[in-house]
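One structure is given here, and the rest of the page talks about it.
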């Protein structure tokens, strides 16, 4: 954790040393109210899509107690997503991920091993979709490169499935999970891949919709602050999200996220350009916006405890496989 904080704060200090304070304040004032509202609406919409994806992946209709719904969205699933998202944003080194199994067990009644397997699968989906969006929509790539990258990614996915399938054939499931280590991890991978609900088309649809909406919302704010083309801002937003996946994170992700956004801009803008000079202030403004929204939404999630009560008119469900 000390290394993570040192790396994150070191990156942030290096970036800020190249950005005057007046430039940072100007970046916060530059977007109009409409741009801020559009960004916040996109981010809040992505929370709902994440909760909808979790409903499908966990098959909550079959294995969780009834919950109040708003537009088909379960309030217990939304509460778990909001609280988990706040923890991931605040704690270094992705330590907030550890809150997910506990939240899923407490609020959804699911077993911790199954929650871990589902979280593992959702992170695999996130990586696959971010890679797909990067290949298809990264500005300036030649179509031959895009096709080659897509074929390579598809081949790697197929090869990984074949290798894991061969391992599963040699190690049949005995019904008891290994204590830990590589065998324990592969046991969780086995259940993550073999769970039928994980492969539901809606799970992939909600994952794609979530990341598309969040990246588009971030690109709107980055473009408004940096005055760069929207597709360049999209690359910056994608760079920030890819950097946020790296396990070595500082406090609240500061430093690594901004470095990722700057790298996305730098890949498409010449050195010394006015838009590139605004990349770090724009990244800081977007990061603060995301962080405040995540923390406030996580706090609001505690209020949902009072809202999310089982509807007495609904019949109780039988115990599920959670």
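By the Kirkwood approach, averaging reciprocal distances over each pair of separate Cα atoms, the stretch 202-280 gets a hydrodynamic radius of 12.8 Å. Here the simple spin-label model places points 7 Å from the Cα toward Cβ, and for residue 204 and residue 144 these points are separated by 2.9 nm. Neighbour counting of Cβ atoms within 10 Å sorts the residues 129, 57, fewest neighbours leading, into 129, 57. Taking a ≥ b ≥ c as the square roots of the Cα gyration tensor eigenvalues, with a/c under 1.5 meaning rounded and otherwise prolate when a/b beats b/c, else oblate, which class fits the stretch 106-166? It is oblate, given that a/c is not under 1.5 and a/b is not larger than b/c.
In the stretch 48-112, Cα pairs under 8 Å separated by at least six residues give a relative contact order of 28 percent. When both the stretch 212-285 and the stretch 14-84 are represented by their alpha-carbon centers, they are found 18 Å apart. When each of 300, 136, 116 is scored by the number of other beta-carbon atoms lying within 10 Å, the sequence from fewest to most is 136, 300, 116. The length gained by stretching the chain between residue 95 and residue 24 to full extension, at 0.36 nm per residue less their Cα-Cα distance, is 22.7 nm. Sequence-distant contacts, meaning Cα pairs under 8 Å at least 6 residues apart, place the relative contact order of the stretch 217-286 at 36 percent. Each of 118, 220, 293 was scored by other Cβ atoms within 10 Å of its Cβ. Arranged with the fewest first, they read 293, 220, 118.
FYI, it's all coordinate maths here, none of it is from the lab. These numbers come from a predicted model, not from an experiment. We place every Cβ from the backbone using ideal geometry, glycine too, and count neighbours over all the protein chains shown.
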